[in-house]
1. Determine which member of the set B:Glu188, B:Glu133 is over 21 Å from the mean Cα position of the chain (by Cα) and in contact (Cβ under 8 Å) with a residue 40 or more places away in the chain.
2. Only one residue in B:Arg82, B:Arg92 is facing chain A (nearest Cβ under 7 Å) and basic (Lys, Arg), so which one is that?
3. How many residues are modelled with pLDDT under 90, within 14 Å of chain B (Cβ to nearest Cβ) and open to solvent by less than 60 Å² (accessible area, probe 1.4 Å) if we restrict to the stretch A:153-176?
4. Would you call B:Thr19 near DNA strand D (Cβ under 7 Å from one of its atoms), among the β-branched types (Val, Ile, Thr) and crowded, with 16+ Cβ neighbours inside 10 Å?
5. Out of the stretch B:27-43, which residues are modelled with pLDDT of 90 or more and either within 8 Å of DNA strand D (Cβ to nearest atom) or open to solvent by less than 20 Å² (accessible area, probe 1.4 Å) (or both)?
6. Can you list the helices (runs of 4 or more DSSP H) lying wholly within the stretch B:1-102 that have 3 or more residues being within 12 Å of DNA strand C (Cβ to nearest atom) and over 40 Å from the mean Cα position of the chain (by Cα)?
7. When the residues of the stretch A:272-314 are narrowed to those that are charged (D, E, K, R) and touching a residue at least 40 places away in the same chain (Cβ under 8 Å), which ends up surrounded by the fewest Cβ atoms within 10 Å (Cβ to Cβ)?
8. Determine, yes or no, whether B:Ala125 is free of Cβ contacts under 8 Å to residues at least 40 places away in the same chain and either among the basic types (Lys, Arg) or within 14 Å of chain A (Cβ to nearest Cβ) (or both).
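The values are calculated or read from the model by the stated rules, or taken from the named source; none is laboratory data. Values in this document were obtained by computation on a predicted structure and should not be read as measured data. Note that we place each Cβ from the backbone using ideal geometry, even for glycine, and neighbour counts take in every protein chain shown. Note: areas computed on protein heavy atoms with side chains; ligands, DNA, RNA excluded. Shrake-Rupley method; radii C 1.70, N 1.55, O 1.52, S 1.80 Å.
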Protein chains: 2
Amino acid sequence: MAASTLTEVARLAGVSPATASRVLNGSARKPGKDIAERVRQAAESLGYIPNAQAQGLAKSSSGLIGLIVHDIADPYFAAIARGVQEAAREQRKMVLLATTGGGPAEEKEAVAAFAARRADSIVIAGSRSSRDEDKDGNSELAAELDRYCRNGGQVAVVGHPVVGATAPEGYHVVKVPNQELAGRLATELAGSWDGDFVIVGGPEGLLTSDDRVRGFQEGLERAGRRPAEVLRSAFNRSGGYDAGLELAARIKAARTNAGPSGEGGGAPKLCIFAVNDVMAIGAAAALRSEGLRIPRDAAIAGFDDIETLRDFRPALSTVRLPLEDIGRVATRATQRRLAGDDGDDGDGADDASPGDITGEVTLRRSTEAAA
Amino acid sequence: MAASTLTEVARLAGVSPATASRVLNGSARKPGKDIAERVRQAAESLGYIPNAQAQGLAKSSSGLIGLIVHDIADPYFAAIARGVQEAAREQRKMVLLATTGGGPAEEKEAVAAFAARRADSIVIAGSRSSRDEDKDGNSELAAELDRYCRNGGQVAVVGHPVVGATAPEGYHVVKVPNQELAGRLATELAGSWDGDFVIVGGPEGLLTSDDRVRGFQEGLERAGRRPAEVLRSAFNRSGGYDAGLELAARIKAARTNAGPSGEGGGAPKLCIFAVNDVMAIGAAAALRSEGLRIPRDAAIAGFDDIETLRDFRPALSTVRLPLEDIGRVATRATQRRLAGDDGDDGDGADDASPGDITGEVTLRRSTEAAA
DNA sequence: CTGTTAGCGCCTTCAA
DNA sequence: TTGAAGGCGCTAACAG
């Protein structure tokens, strides 16, 4: 027993399907009051639910927004997803979720699947990669996106444009000032921290990570500090943990060496900048497991200001990113511009309200200099 | 310029649409090798992507799984969502996401929206409520689910059945042994903790919270302890924080009172059981803000074992729930049973592999008795 | 094995 | 304002 159809409703109400359609779904034209009521009653009594697939087929638009993330359980993506979800609700659309683990190949699959479902727009979150091994994946993804846009789809990418994508229209990039913010973080830290800096970064080629590393180095330079050494590991907690172990070993070694010859009580203390909060937490856990304390033995800072991590002690210095807003802005960017918009700079790929996204350096206990 | 259609592909390949369909999409019947290749080439060169809406219309099944959560940014739901996502991928389906904030009215909306999209199945996560104010909402939700199931839909609810739902078929409940596990937690804690217990619960009527409260009390009773007082507040971090402030005040008051008359060094220490991890973290933050330390001044335990919170210090005693599995199991339960299944106990609403979901009491530092 | 013929449920011209 | 007719893109019965 399948769901009842518009035709059945119409028949029960004694009108034509066309009329029933007009009253039940928003049409420009308004049927007579009396007839409208009859139709509504019929629909109600049959428990009629319009078939969105059929509607979509007829109108060739689905009311769907596709969201692509690496991993929905990652709080970073979960926060963005919340923003997307909210914006979707404003637009009275539903969100289709795809998680890809970060590979361009899977992202391409997801885009194709969304295209198949005729999603009105697609939001891609998660760092782009410029690594060699992803080169082919990237260009396939770019091609898929191009096609999708050419067919009228709207795309918003968070962070960086997909490498190689050149869609003429409907392709938006929500820029996140990772580099600038990391720079600010560095200069602020440099103001209160005398020791050396070390950066715990993700794999080289992960654009978000690279931006933050670069920005941090620039900030150090502006502050007249020497560049930080960069340790590379996985872009997640366990990567941070690994790097933390390595650093703990160094710190302990330096301490015992400096003990005898030390000038004033020990080696200069290290300030660790992990390119995201989750890595920072991992690094902190590693230090702790090695008997080191923060900020007594080393300072540590992260990036993102993940909400769930705010109760972590010592409170983590970080850069607050308005993750939810980012999701919202990206989603809104894909809403087709209405007439009268001051446009397009002509060259295609337009930025979504540039300048909208901004962050805030947030210094907390984990980087306090006090011995 | 819309996407190209199967008809166009067929024409380019010089075959009928039916044939093209057979080669491009899995059909039982296999076209000739040569013709198949031609079709594939045509499809490739046109960048053909099948229109899932049209396919769905024709086959009356959409390849969609609807997921309903309170809030996708809540790590509890995010973890479940990951499991759902994985199971969906196994079934080669996509997941449609709806977040409702927990109200039955919005959940009903979501179910209707999923029904409109002809989702093959729906997974509902998030605690059910039996509060009076939700009574109407619950019965409307139940009616909507009933209808959805009668039309052939599959539903899985995590935790408790929707109050009042009586769908004869396709309605599954993934039971989570909250009560039993809370009981085990209580008895284990009672073994190492001499002081009194207090429960920080969610609003009365939230079934998950109620189960955990009840189970914990039973566990205490089994251990020969007197029942714990129950504080009610919001089922989230801020609720935990509020309760924590209240408790901190009491603890401090008791301490100053007991000081003079104390037998052995102070009032008996309190062990706080918050019905979920996020509340526990909130409560811990409140205690800390009042200058109290854990577990020195009070012990605290949570429930869920949220991954992101595992690095919290002192490490939180809790009950590990296999959230991801729960999502997976729920999703799989909605997969229509194939012939030859040992069935149905006849009365309809069947449980999804009962006994599959189990948890594990995990005692950590936050409840260590050592002064 | 292939092509033809009907729909799936709805929306949207067009006439009435 | 209302109804009739055609089509959205695809699949599932048939026929050849």
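1. Values: B:Glu133 fails: in contact (Cβ under 8 Å) with a residue 40 or more places away in the chain.
Answer to the check: B:Glu188.
2. On the way: B:Arg92 fails: facing chain A (nearest Cβ under 7 Å).
Result: B:Arg82 is the single residue among B:Arg82, B:Arg92 that is facing chain A (nearest Cβ under 7 Å) and basic (Lys, Arg).
3. Residues flagged as modelled with pLDDT under 90, within 14 Å of chain B (Cβ to nearest Cβ) and open to solvent by less than 60 Å² (accessible area, probe 1.4 Å) within the stretch A:153-176 amount to 2.
4. Values: near DNA strand D (Cβ under 7 Å from one of its atoms): no; among the β-branched types (Val, Ile, Thr): yes; crowded, with 16+ Cβ neighbours inside 10 Å: yes.
So B:Thr19 fails the test.
5. B:Val39, B:Ala42, B:Ala43
6. Values: elements: B:6-13, B:17-24, B:33-46, B:52-59, B:75-90.
Output list reads B:6-13, B:17-24, B:33-46.
7. In the first step, residues of the stretch A:272-314 are kept if they are charged (D, E, K, R); the result is A:277, A:288, A:290, A:293, A:296-297, A:304-305, A:307, A:310-311, A:313.
Narrowing the set further to residues that are touching a residue at least 40 places away in the same chain (Cβ under 8 Å) leaves A:277, A:290, A:296-297, A:304-305, A:307, A:313.
Values: A:Asp277: 28, A:Glu290: 15, A:Arg296: 12, A:Asp297: 18, A:Asp304: 23, A:Asp305: 22, A:Glu307: 19, A:Arg313: 16.
The residue in question is A:Arg296.
8. no
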